[in-house]
1. Which of the numbered conditions does residue 51 fail, given that it passes all the others? Conditions: (1) outside any helix (DSSP H, G or I); (2) at pLDDT below 80; (3) hydrophobic (A, V, I, L, M, F, W, C).
2. Need pairs with beta-carbon distance below 8 Å; first residue touching a residue at least 12 places away in the same chain (Cβ under 8 Å) and under 12 Å from residue 99 (Cβ atoms) and within the range 483-508, second open to solvent by 10 Å² or more (accessible area, probe 1.4 Å) and among the polar types (S, T, N, Q); sequence gap 6+ or separate chains.
3. Taking the range 206-223, which residues are open to solvent by 10 Å² or more (accessible area, probe 1.4 Å) and on the phi < 0 side of the Ramachandran plot?
4. Please give the number of the condition residue 240 fails out of (1) modelled with pLDDT under 95; (2) surrounded by 23 or more Cβ atoms within 10 Å (Cβ to Cβ); (3) in a strand (DSSP E or B).
5. Mind counting the residues in the range 86-118 that are farther than 22 Å from residue 177 by Cβ and open to solvent by 50 Å² or more (accessible area, probe 1.4 Å)?
6. Of the conditions (1) touching a strand residue (DSSP E or B) at 6+ places or on another chain (Cβ under 8 Å); (2) part of a loop (DSSP other than H, G, I, E, B); (3) basic (Lys, Arg), residue 321 clears all except one; give me its number.
7. In the range 137-166, what count of residues is obtained for those that are open to solvent by less than 60 Å² (accessible area, probe 1.4 Å) and under 13 Å from residue 199 (Cα atoms)?
8. Quick check on the range 34-44. Is at least one of its residues at pLDDT 85 or above and outside any helix (DSSP H, G or I)?
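The values are calculated or read from the model by the stated rules, or taken from the named source; none is laboratory data. Just so it is clear, the structure is predicted and the values come from calculations on it, not from any experiment. Positions of Cβ are generated from backbone atoms using ideal geometry, with glycine treated the same way; all protein chains shown enter the neighbour counts. In case anyone asks, the SASA skips ligands and DNA or RNA and just uses the protein heavy atoms, side chains included. Shrake-Rupley method; radii C 1.70, N 1.55, O 1.52, S 1.80 Å.
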Amino acid sequence: MSQISLTAPMRSNLLALQNIARGQDIVQNRLATGLKVSSAIDNPSSYYTAASLSNRAADLTALLDAMSQGVQTIKTASEAISSATKFLEQAKATANQALESAIPAKSWFEEQVGANGAVVTTAQELQDAVKAGKETICVYGQITFDFNKNLHLNAGQKLVGIGYFGNFDTQTAKFSQLNFSSDKGQSAVLLDNQSFISDLGISYVSQAPSLDNFSAVEIAGVKTATLKNLDISFQLSKTSIASAQAGIFVTAGAEANIIGHTTIRTEGTQVFGVYGMLSATTNIHGVLDIETQGESGVGIYTNFASTTNIDALVNIKTLGKNAYAIDNAGSGHGNTTQISTGSEIYIESNGFYIYNPQTTTTALNTLIIEKGAKIALKSFQNQAEDFFILESRYLTTGEAHLTPDAVKNLSEFRSLSGEWISLGDQNDLYAAGYQKYAFILNQFDMLIADSSYKGINLLQGQNLQINFNEDRSAKVEVKGVKADSESLGLTTKEWNSQEDIEKSISELESAINSLRSFASAFGNYYSIVTTRQDFTENLINVLEEGADKLTLADMNEESANMLALQTSQQLAINSLSLASQAAQSVLKLF
């Protein structure tokens with residue numbers, strides 16, 4: 001191809017247009033990408049500096065995410081501590097409530113009995129107080145008498161347990177307890193006229209000969225005594241034959257008033273719960289629970305012209321063979337048992353429920369069940385019901401021993417035989433309080449176990465490391481703690497006394513203080529991490545801003561550059577057109 005010759009003006013204008021085009025390409029790229037340095041070719045120094053800043057910003061962004069998750073882990077532990085503290089405060093309230101019914105110190109009871117009273121803790125102290133004629137004697141704790149030793153109160157004396165002064169006893173056991181053992185035919189506690197015995201547990205284990213009459217508590221002679229809120233246990237290891245061994249024995253014209261809530265449990269053959277004979281009078285009020293174990297056991301026995309008046313809620317279980325729940329006859333005559341209106345009798349027996357036989361050769365025994373009395377019967381062996389219902393033969397017209405209304409009433413309440421009221425099934429106050437306390441601690445431990453975030457539980461001793469820079473030279477390690485009940489020192493496993501409850505309260509106070517200390521430590525960690533988190537966010541912004549200043553294009557400037565280039569391009573085109581007119585003038589010569 002032959003060489004084409006351009007004039008100097010045309011070459012100059014063409015070169016200008018080419019330079020303008022290259023400039024437009026650069027400006028268009030900046031407008032399209034927003035970058036004035038998009039590669040190392042554009043500006044190596046700015047490009048690599050900006051890349052370094054951007055890379056660090058990216059690394060810090062990844063660390064910032066880890067910091068954010070670390071903050072959430074710390075917040076989880078802090079929230080758990082806040083909720084767990086409420087559990088411990090609730091447990092403390094439960095313990096304080098139990099403490100209110102706990103047993104005061106001995107000195108408190110000494111103030112209650114006064115100068116003419118005594119608080120005793122040993123058998124010798126008790127005997128000395130009785131001998132000294134102390135008016136009110138309080139038994140503080142358990143007292144065990146020497147073998148074959150017994151106790152005889154003087155007229156008008158009061159022998160009481162701590163329950164006499166307030167609701168300090170548990171429901172199934174007495175704090176104040178007297179323990180006796182003997183192989184002689186003697187009663188453990190003998191009551192004189194106008195004496196009073198209350199709120200005591202009395203345990204008597206006897207190996208006495210079978211023909212002796214004795215009991216855990218006895219009133220003999222023309223005397224009157226009151227028994228209140230007693231828990232009597234009478235165990236006879238020898239076989240009883242034609243004799244009277246009983247939990248409570250009333251004889252020889254004496255009168256016993258049994259009030260409050262009294263429980264009697266007996267073991268042995270032909271052992272009685274309450275025995276009245278020889279013109280004795282036994283008045284039963286309140287609640288009386290009797291349970292006999294052994295052949296021919298009797299719940300309430302009336303004999304030899306004695307009287308038993310029942311105006312109470314009575315629960316009787318006779319567990320042995322040939323047993324009698326209420327026996328108004330025995331070998332004697334002229335007895336009277338009266339069950340008053342409003343009384344409720346619940347009987348569960350292997351033998352007779354209420355026994356009142358009459359013969360033509362003996363004086364009548366009088367059994368009166370007033371209208372409105374309630375009687376519920378249940379058999380252990382499910383034998384024929386007629387065998388167990390009240391037996392009363394040869395009724396006379398002279399006195400309504402068993403009125404038609406009473407018979408009708410008995411029939412009505414026989415259907416209640418399944419509604420047996422168990423003896424002594426109330427929970428121990430201490431045990432019940434501790435059960436509530438232990439339940440709350442169990443909930444506390446479950447909350448602590450659930451306080452994990454992404455597999456890390458700071459309250460179970462796990463640690464958390466949070467890095468603040470790329471090479472991990474700046475970091476913090478959040479130390480975990482063990483915050484379960486055992487680790488916090490809540491180690492008391494049962495409440496048997498006031499001291500146990502006070503120990504639990506002390507442990508709770510220490511545990512709550514520990515939780516508050518943990519919360520403060522986690523608060524410090526939280527403050528440190530969030531401060532570094534804010535700093536890192538700001539640093540990332542600074543790095544990204546620095547990188548942008550090195551690489552980002554000024555869109556206003558680039559737009560103006562494009563407009564200027566477009567104007568220059570138009571002017572160069574016009575100039576090139578003028579330069580070409582000279583050549584066109586030569587064409588006109590042809």
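1. That leaves (1) as the condition not met.
2. Listed by first residue and then by second, the contacts come to 500/492; 504/492; 505/96.
3. Within the range 206-223, the first condition is being open to solvent by 10 Å² or more (accessible area, probe 1.4 Å), and the residues that meet it are 207, 209-213, 218, 220-223.
Passing the criteria: 207, 209, 210, 211, 212, 213, 218, 220, 222, 223.
4. Against the list (1) modelled with pLDDT under 95; (2) surrounded by 23 or more Cβ atoms within 10 Å (Cβ to Cβ); (3) in a strand (DSSP E or B), residue 240 comes up short only on (3).
5. Selection size over the range 86-118: 12.
6. All conditions pass for residue 321, except number (1).
7. 12
8. So the first thing to find is which residues in the range 34-44 are at pLDDT 85 or above, and the list is none.
Checked against the condition, which is being at pLDDT 85 or above and outside any helix (DSSP H, G or I), the range 34-44 yields no hits at all.
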